[in-house]
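A.B. asks: Below is the structure I would like to discuss, written out as structure tokens.
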Amino acid sequence: MKLIAIFLLITLSSIVNANFDDAYGHLKQKEYIKALNKFKPLAEQGHVPSQMNLGWMHHKGLGVEQNYKTAIKWYEMAANQDNEDAQHTLGNCTEMEKVKKMLLLKT
């Protein structure tokens, strides 16, 4: 029974990695819609690298309308899984928002 469980975990892990590699390949080729469609299901299943890439795509407006709120949502999901890169990125986004608000108040 343990062998079956281990086999299933390895198989599922291989599928996730293959799907991520495919999505990342689309991203590198600037095929943003294809990348988005591949990253999203993985990210929704808790795959941190996919969450980070979706955050970045929304942050930069790659294949989607630029949306900081959605970017932060994906960064938070990754950060909540103790991903240091996500925590750092999220902190930078928060600081940028504070600076923007301060600049708007000065005008």
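A.B. asks: Does region 47-73 hold any residues that are modelled with pLDDT of 95 or more and in contact with a Gly (Cβ under 8 Å, 6 or more places away or on another chain), and which are they?
C.D. replies: Met57
A.B. asks: If a residue has to be closer than 17 Å to Asp22 by Cβ and crowded, with 22+ Cβ neighbours inside 10 Å to count, how many in region 53-84 make the cut?
C.D. replies: 3
A.B. asks: Restricting attention to region 4-46, and to residues there that are of a type in the set (Gly, Ala, Ser) and modelled with pLDDT under 85, which single residue is farthest from Ala79 (Cα to Cα)?
C.D. replies: Let us first name the residues in region 4-46 that are of a type in the set (Gly, Ala, Ser), namely 5, 13-14, 18, 23, 25, 35, 43, 46.
The next check asks that each one be modelled with pLDDT under 85; those that pass are 5, 13-14, 18.
Numbers: Ala5: 28, Ser13: 21, Ser14: 24, Ala18: 23 Å.
Result: Ala5.
A.B. asks: Still on this structure, please answer the following. Given the options Asn53, Asn37, name the one that is in a helix (DSSP H, G or I), out of contact with any Leu (no Cβ under 6 Å at 6 or more places or on another chain) and under 21 Å from His88 (Cβ atoms).
C.D. replies: Numbers: Asn37 fails: under 21 Å from His88 (Cβ atoms).
Within the list Asn53, Asn37, the selection yields Asn53.
The values are calculated or read from the model by the stated rules, or taken from the named source; none is laboratory data. For clarity, every value in this text was computed on a predicted model and none was experimentally measured. Cβ atoms come from the backbone with ideal geometry, glycine included; neighbour counts cover every protein chain shown.
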